[in-house]
Structures are given as C-alpha cells and as structure tokens.
1. Give me the net charge of residue 202's neighbourhood, meaning all other residues with Cβ under 13 Å from the Cβ of residue 202; Lys, Arg count +1, Asp, Glu -1.
2. If you fit an axis through the alpha-carbon atoms of helix 3-17 and take the longest principal axis of the Cα set of the chain, what angle between them do you get, 0 to 90°, nearest 10?
3. Ignoring ligands, DNA and RNA, please state the percent of accessible area on the chain from carbon and sulfur, probe 1.4 Å.
4. Using mean Cβ contacts within 10 Å as the protection proxy, how do 240-250, 159-169 order, highest first?
5. Mind sorting out which of (1) 72, 39, 30; (2) 61, 45, 37; (3) 75, 46, 33 is the real Cα extents along the principal axes in Å computed from the coordinates?
6. Could you tell me the convex hull volume per residue, in Å³, taken over the Cα atoms of the stretch 159-304?
7. Each residue of the stretch 69-74 in order: what ³J(HN,Hα) in whole Hz does its phi give by Karplus 6.51 cos²θ - 1.76 cosθ + 1.60, θ = phi - 60°, with x for Gly and Pro?
8. Taking 2.2 N^0.38 Å as the expected size of a compact globular protein, what ratio does the Cα radius of gyration of the stretch 253-337 give against it, to two decimals?
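The values are calculated or read from the model by the stated rules, or taken from the named source; none is laboratory data. What you see is a predicted model, and the numbers here were worked out from it, not measured in a lab. Cβ: placed from backbone, ideal geometry, glycine included. Neighbour counts: every protein chain shown. Calculation scope for accessible area: heavy atoms of the full protein, side chains included, ligands and nucleic acids excluded. Shrake-Rupley method; radii C 1.70, N 1.55, O 1.52, S 1.80 Å.
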Amino acid sequence: MNKWIKILFFSFTASIVGLQAYSQDLHFSQFFNNPLLTNPANTGFIPDADYRMGASYRNQYSNIMAVPYKTMSIYGDAQVFRDRFENGWMGLGGVIIRDVAGTGGLTSTQIYASAAYHQMLGFSSLLTAGFNVGWANKRIDQTKLTFPDQFDGKFFDNTLPTSVQLLNNSSSYIDVQAGLNYAYFPTEDIYINAGYSIQHVNRPKETFFEEGDNSRISMRHIGFLNAIIKTSDVVIINPAAYFTTMAGAFQFSLGMNAAYNLSGDGTKQIIGGLFYRYNDAIIPMVGLEISNIRFTFSYDVTASSLKNYNHSLGAEEFNVMNKGFYSQFNGDKRQTLCPTF
C-alpha cells in the first residue's frame with residue numbers, strides 16, 4: 001500500500017467514524033484553559049479573579065488530510081451574588097463550540113449556558129456544584145462522503161452508487177451536564193483542586209440514520225486534579241492530570257506548566273509546560289501573559305502508531321484568556337484564593 005492509498009484510507013476511516021452513534025466528543029489538549037468544557041462546576045470557580053473570558057482554536061491532521069479537523073470555542077463566566085450568600089456565591093457563564101471534521105464536512109455546533117454554586121468550608125476549602133444545559137447540532141454533507149461499495153479498485157469514487165443512505169443530514173438535541181469541584185488552600189502558596197463531571201447526563205439521541213437504542217449518546221465521565229504552587233517570588237508551577245472515558249474509550253493526560261515572573265507585580269509572565277497524553281501524544285506548551293491576558297500555544301507531537309503516516313505532526317492549538325476584577329463598593333480587589341505574584 002503506497003503513501004497515497006494510506007492517506008485515502010485514513011481519510012475514509014475518519015469520515016466514517018463521524019457517522020457512528022457512539023462517536024467520541026471533541027477535546028482540547030489545553031484542557032486547563034477550557035474550564036467550562038471540563039466541568040460545569042468550574043463556572044465562576046475562579047480563584048484569582050472575578051470574571052474571565054477565553055477562546056481556543058485547534059487544527060489537527062493538516063498534513064495528512066485535505067480538510068483538517070478544526071475546533072473552536074469561546075466562553076465566558078463570572079462570579080455573581082457575592083453579597084447574597086454567607087461565604088458563598090453563584091457562577092454564571094456560557095460556551096460556544098464549533099467543530100469541522102474532515103472531508104465529509106461533519107460540522108458540530110454546541111451552545112451551553114451554565115450555572116454553579118460555590119460555598120466556602122471554613123477558611124481553607126471550597127465546595128462547588130454546577131450544571132449546564134445546551135443545544136447541540138451536527139450536520140453532514142453526504143455528497144462529500146465515500147463508502148466501501150464506492151471503491152473502484154484504486155480509489156474511492158463518490159459518483160458511484162452506494163447502498164448507504166442517510167435519513168437526515170442534520171441532528172439536533174438538548175444536552176445536560178453536571179459536576180462537582182473541591183478546592184483546598186492551606187497556605188497562600190498552595191492551592192489544590194479536584195473535580196468530577198458527567199456529560200450527556202440525559203443521553204440524548206444523535207444519528208443520521210434510523211433512530212434506535214444505539215443512537216443514544218453515551219455518558220462521558222471526566223475527572224481532573226491540579227495544583228498551583230508558588231515555589232519562589234518568581235516561579236509558580238501548575239501540575240495537572242486529566243482523565244475521561246466514554247463508550248469504552250478513554251483518555252489520560254498528565255503534565256505541568258510553570259509561570260516565570262518577568263516583572264515585580266506579575267503583570268508580565270512567561271509560561272512553559274509539557275504534557276503527555278497516554279499512548280497518543282507529547283504536548284509542549286509555551287505562552288506569555290501581559291496585564292492579565294494570557295496567550296498560550298501547544299503542539300501535539302504524535303507518539304502513537306499514527307506517527308508513521310503523519311511524521312509525528314499532530315495538532316497545533318492556540319488559547320487566549322483574560323481574567324479580571326470588577327469594581328467593588330469600596331473600590332478594592334477581592335483577595336485571591338490561590339498563589340499569585
């Protein structure tokens with residue numbers, strides 16, 4: 001099998017995967033920079049600010065596919081009603097996700113609104129529960145797809161007749177997610193956070209074929225653990241671990257990034273990190289923060305057998321995030337719960 005046949009086979013397989021009822025959800029390598037996608041309990045769970053806004057862009061398989069996978073997200077959340085609850089507050093936010101997968105034109109659009117309640121437990125811990133509700137749509141252009149019975153012996157030809165017929169080119173549904181978070185901060189230099197969430201709690205139906213029991217989306221379970229540790233006046237490290245499983249598949253990521261203070265007040269920082277996604281990729285990351293706006297870039301260096309086809313060139317990912325405080329009645333900033341410069 002020569003190089004071009006391998007590429008055609010890979011493209012065909014990737015397109016068909018998108019049609020399966022139990023297809024896997026999208027993901028970002030910088031899971032820590034997409035908090036509302038990781039866990040709805042992260043809504044308003046902002047230890048060093050009152051609000052934040054962020055955007056991510058991921059481009060995957062651009063060197064082996066005519067149309068690479070492109071994933072984009074925009075989100076925002078804020079702490080509200082801090083004066084309504086004793087040692088607690090609400091978090092409100094929302095996220096928009098759009099994903100275009102491969103030559104089949106499989107396009108996913110998801111819009112979620114999320115809410116969470118945060119309660120201090122004494123002076124050194126915080127417990128949070130949250131949920132989100134959203135609308136999701138997936139659509140595909142069948143004219144761009146090819147199927148096994150359209151193989152002419154050399155190539156896949158979508159002008160040939162096929163026995164595969166889609167009943168719908170679009171599928172929409174309401175989606176529900178829920179989660180819990182716990183944070184422990186015994187000193188001003190140590191912050192530890194763990195969370196667990198379930199996506200697709202209501203198991204909505206998603207299919208382009210005839211609906212049945214196998215058209216329901218499997219629940220996705222997500223767990224994470226991270227820490228923020230100030231090791232000196234100029235260095236803060238952030239080790240993190242992430243695990244998710246869905247429909248028999250799983251993903252495990254582990255690594256750390258560090259921020260180096262370039263200015264006395266922390267308004268300028270340089271960031272570097274390295275993560276490993278089990279049996280899949282090594283992920284270096286670099287970034288820069290200026291006046292509470294953080295820019296980060298990561299690259300997935302393929303470590304699985306796919307490296308034989310893509311030469312270890314996996315995916316590039318960009319993220320920008322802005323955090324800040326809104327004015328208080330006394331004009332002072334709220335004290336942060338995690339280490340800061």
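1. Working: positive: 203, 205, 216, 220; negative: 175, 206.
So the surrounding residues net to +2.
2. It works out to around 70 degrees.
3. Values: 10260 of 16790 Å².
The nonpolar share, carbon plus sulfur, comes to 61 percent.
4. Details: 240-250: 16.1, 159-169: 10.9.
So the peptides 240-250, 159-169, ranked by packing, come out 240-250, 159-169.
5. (1)
6. Values: hull volume 27.3 nm³, N = 146.
Each residue corresponds to 187 Å³ of Cα convex hull volume.
7. Using θ = phi - 60°, the values come out as 6, 10, 10, 10, 9, 9 Hz.
8. Values: Rg = 17.4 Å, N = 85, 2.2 N^0.38 = 11.9 Å.
Scaled against compact globular proteins, the figure is 1.46.
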